[in-house]
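Novice: This is the structure I have questions about; it appears just below.
The values are calculated or read from the model by the stated rules, or taken from the named source; none is laboratory data. Computed from a predicted structure; not experimentally measured. No Cβ is skipped: glycine too gets one built from the backbone with ideal geometry, and neighbour counts run over all protein chains shown.
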């Protein structure tokens, strides 16, 4: 099962603070925005906050609307999303509202913290140790594979948001900007210093809600290694959807491909049988739109809904060879080529032999196969 879709949610002052240093929680959202947050909570499978947020804010993290809870129940879901927290030490307050309201609770911690968390909470929450250190990818994998979480809402704190963004694990940032200043250097900020992924985020939505502004962003920069980041899933999904634009064929696959620079800039895209060429392949069509000397190709990633071809009759060079010649050294694909037209096709092997890293996201294979179902045997 793929990692959950991770949605970061936060409200900040104009100067980037989550709160002030006063004894009471600084309310940054408006009443209408609190209702929007309630709607988002009702739409997800789980809500996560760090243990520090539980200690500082004592949140309940409920779906407050009775109508929304009823809609969840009618859809066969629990009235409340699973509530999740993460702690390295297991130092948790068993009297916090978090444990005594809503539905099921889950604690992720280290091997060292698991004993203390279990002792403090008893049967109030399930405790899952992740090893000697907290591992966000392992946490998200467990949430998806074991708990069936498809959408995860993260409501803080700043350290949690920072870590998820820096590791490329956040699919979306929902940020509310409040019309006030805090100005206290001791107050908590939303994001801390560190090495974030490069590139600009994609603006998905801007909305005025009373006197605050909601902005929604998605990351665009590809990953750099074998572990996929959230932007990889976005670009590959887009390539799979692009395959649906291919003119239908009984003798060739429908494939979509996108070339993306290291900073998240889309460099080119193409699809099978694009334009007036009945035999052009998706990767070939995309790369043909770029100057072979473009320096961005060396750090680019090619996203292809189908494994790039290793052999073909219609052109001198297969797509795997074209990718290597272009200098691209990272390819992300959803579906290994079946034996429909070429037996034992292995574009992945050609790419790897040429020094390219190939990342396969099988959770998107069904989307890549969709425009080709009439060609798949069995």
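Novice: Can you pull out the residues in region 65-84 that are closer than 18 Å to residue 55 by Cβ and touching a residue at least 40 places away in the same chain (Cβ under 8 Å)?
Specialist: We begin by selecting, within region 65-84, every residue closer than 18 Å to residue 55 by Cβ; these are 83-84.
Listed by number, the list holds a single entry, 84.
Novice: What number of residues in region 145-171 are at negative phi and surrounded by fewer than 20 Cβ atoms within 10 Å (Cβ to Cβ)? Full working, then the answer.
Specialist: From region 145-171, those at negative phi are 145-147, 149-155, 157-167, 169-171; that's our starting set.
Keeping just the survivors that are surrounded by fewer than 20 Cβ atoms within 10 Å (Cβ to Cβ) gives 145-147, 150-151, 159, 162-163, 166-167.
So the count comes out to 10.
Novice: For region 97-125, name all the residues that are outside any helix (DSSP H, G or I) and buried (at least 18 other Cβ atoms within 10 Å of the Cβ).
Specialist: Looking only at region 97-125, we keep the residues that are outside any helix (DSSP H, G or I), and these are 101-110, 125.
Correct list: 102, 105, 106, 107, 108, 109, 110, 125.
Novice: Shifting gears a bit: Yes or no: residue 316 touching a strand residue (DSSP E or B) at 6+ places or on another chain (Cβ under 9 Å) and in a loop (DSSP other than H, G, I, E, B)?
Specialist: Values: touching a strand residue (DSSP E or B) at 6+ places or on another chain (Cβ under 9 Å): no; in a loop (DSSP other than H, G, I, E, B): yes.
Considered against the rule, which asks whether it is touching a strand residue (DSSP E or B) at 6+ places or on another chain (Cβ under 9 Å) and in a loop (DSSP other than H, G, I, E, B), residue 316 comes out as no.
Novice: I've got another one for you. Look at residue 327 and say whether it is outside any loop (DSSP other than H, G, I, E, B) and either touching a residue at least 12 places away in the same chain (Cβ under 8 Å) or touching a strand residue (DSSP E or B) at 6+ places or on another chain (Cβ under 9 Å) (or both). Break it down stepwise before answering.
Specialist: Values: outside any loop (DSSP other than H, G, I, E, B): no; either touching a residue at least 12 places away in the same chain (Cβ under 8 Å) or touching a strand residue (DSSP E or B) at 6+ places or on another chain (Cβ under 9 Å) (or both): yes.
Criteria not met by residue 327.
Novice: Take region 210-242 and flag every residue that is within 18 Å of residue 307 (Cβ to Cβ) and part of a helix (DSSP H, G or I).
Specialist: Residues satisfying the conditions are 232, 233, 235, 236, 237, 238, 239, 240, 241, 242.
Novice: Criterion first (over 26 Å from residue 109 (Cα atoms) and either touching a strand residue (DSSP E or B) at 6+ places or on another chain (Cβ under 7 Å) or surrounded by fewer than 19 Cβ atoms within 10 Å (Cβ to Cβ) (or both)) does residue 9 satisfy it?
Specialist: Numbers: over 26 Å from residue 109 (Cα atoms): no; either touching a strand residue (DSSP E or B) at 6+ places or on another chain (Cβ under 7 Å) or surrounded by fewer than 19 Cβ atoms within 10 Å (Cβ to Cβ) (or both): yes.
Here the answer is no, as residue 9 does not meet what is asked.
Novice: How many of the residues in region 130-166 are under 19 Å from residue 219 (Cα atoms) and without any contact (Cβ under 8 Å) to a residue 60 or more places away in the chain? Talk me through it step by step, then tell me what you get.
Specialist: Just the residues of region 130-166 that are under 19 Å from residue 219 (Cα atoms), to begin with: 136-137, 140, 150-156, 158-166.
Now narrow it down to the ones that are without any contact (Cβ under 8 Å) to a residue 60 or more places away in the chain: 136, 162-163, 166.
Going through region 130-166 one residue at a time, the tally reaches 4.
Novice: Identify all residues within region 243-258 that are outside any loop (DSSP other than H, G, I, E, B) and either surrounded by fewer than 21 Cβ atoms within 10 Å (Cβ to Cβ) or at pLDDT below 95 (or both); write none if there are none.
Specialist: Filtering region 243-258 for residues outside any loop (DSSP other than H, G, I, E, B) gives 243-245, 256-258.
Scanning region 243-258 gives 244, 245.
Novice: Check off (1) in a loop (DSSP other than H, G, I, E, B); (2) in contact (Cβ under 8 Å) with a residue 24 or more places away in the chain; (3) more than 30 Å from residue 32 (Cα to Cα) for residue 191 and give me the number that stays unchecked.
Specialist: For residue 191, the failing item is (3).
Novice: Identify, please: which residue in region 338-357 is surrounded by 19 or more Cβ atoms within 10 Å (Cβ to Cβ) and in contact (Cβ under 8 Å) with a residue 40 or more places away in the chain and is, among those, nearest to the chain's Cα centre (by Cα)?
Specialist: 348
Novice: Of all residues in region 203-238, which are touching a helix residue (DSSP H, G or I) at 6+ places or on another chain (Cβ under 8 Å) and closer than 21 Å to residue 334 by Cβ? Walk me through it before giving the result.
Specialist: Quick first cut of region 203-238, residues touching a helix residue (DSSP H, G or I) at 6+ places or on another chain (Cβ under 8 Å) only: 209-210, 212, 214, 218-223, 227, 233, 236-237.
Result: 218, 219, 220, 221, 222, 223, 227, 233, 236, 237.
Novice: Sticking with this one: Would you call residue 306 surrounded by fewer than 19 Cβ atoms within 10 Å (Cβ to Cβ) and touching a strand residue (DSSP E or B) at 6+ places or on another chain (Cβ under 7 Å)? Please lay out each step first, then the result.
Specialist: On the way: surrounded by fewer than 19 Cβ atoms within 10 Å (Cβ to Cβ): no; touching a strand residue (DSSP E or B) at 6+ places or on another chain (Cβ under 7 Å): yes.
Judged against the criteria, residue 306 is not a match.
Novice: Ok, one more. Do we have residue 35 as in contact with a strand residue (DSSP E or B) (Cβ under 7 Å, 6 or more places away or on another chain) and assigned by TED's automatic domain parsing to the domain that holds residue 174 here? Quick ask: steps written out before the conclusion?
Specialist: Values: in contact with a strand residue (DSSP E or B) (Cβ under 7 Å, 6 or more places away or on another chain): no; assigned by TED's automatic domain parsing to the domain that holds residue 174: yes.
Judged against the criteria, residue 35 is not a match.
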